[in-house]
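Shown next, in structure tokens, is the structure this report addresses.
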Amino acid sequence: MYTIDLLKGEGIPLPCRPGGIAMACLVVVLPLLLGLGMTSYYMDGQVIVSIEKQQLSKLEAATNNLAESLHKKESLERQKTLAIGRLSDIKAAVAGYTQWSPALDAVADNLSDALVLTRLEARLDSVRRKVPSQSDPATKIEISVPVRTLKLSVAGRQGGAALDAVQRLQENLRSSPAIGPMLDTITVSQNAAVLDSQEAVLYELECVFKAGQTVRNN
């Protein structure tokens, strides 16, 4: 067979060899593989970044919630401390006051028709007493103790009937469940008086409550 080269060697394709084919494949496939690898790495990185951002958002939200809860806890602790202080003040204040309603009710319920109430006075005094120390019971300390006194004046026109009525009033006050257990002493004094332009007998009863006792409702 004869071959005529009319193109003078420029148009005849190179003979196909295995090495050339492999080289051509590498030239084409290698950049493609590199591109796919980089694209996959980039996409994986984007996914990881997105997940990390979500986790960071959750952590920030949790941190904000914890900070808000901490602020609320601190606020509640302050309110608790303030409430305890106020309760202590109220307790101290209540110890210095007396609810006189039960005593007045007892006087009104036991006041005889033979007597006329002319004067009623409630008074709070204080006395110094030595009591055991809370930290060391063997040691005595001096404190101020409130002493409450209820004074009432009653008048009667008939001496004998008025005296009996005053004695009954004294006994009924001592046996009263409202104030009887808290009474220390009841002293009675007698004077002449004038009631509605008539001669009468005036009795003054001084009811002294036990030191530190407070009149309460049952």
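Details
- Net length gained if the chain between residue 58 and residue 71 were fully extended (0.36 nm per residue, minus Cα distance): 2.7 nm
- Paramagnetic label zone (point 7 Å from Cα along Cα-to-C-beta, residue 125; backbone N under 19 Å) in segment 134-176: 143-153
- Of all aspartates and glutamates in the structure, the ones whose alpha carbon falls short of 17 Å from that of residue 130, not counting any fewer than 8 places away in one chain, are 142.
- For the peptides 195-202, 65-72, 157-164, residues were scored by their other Cβ atoms within 10 Å and the scores averaged per peptide; the highest-first order is 157-164, 195-202, 65-72.
- Flagged links, alpha-carbon separation over 22 Å, of 53/73; 140/210; 151/210: 53/73
- Here segment 111-218 is treated with +1 on each Lys and Arg Cβ and -1 on each Asp and Glu Cβ, and its dipole about the Cα centre works out to around 480 debye.
Throughout, read-outs are computed from the coordinates displayed, never taken from laboratory work. All figures in this text were calculated on a predicted structure; none of them were measured in a lab. Note that each Cβ is placed from the backbone with ideal geometry, even for glycine, and that neighbours are counted across all protein chains shown.
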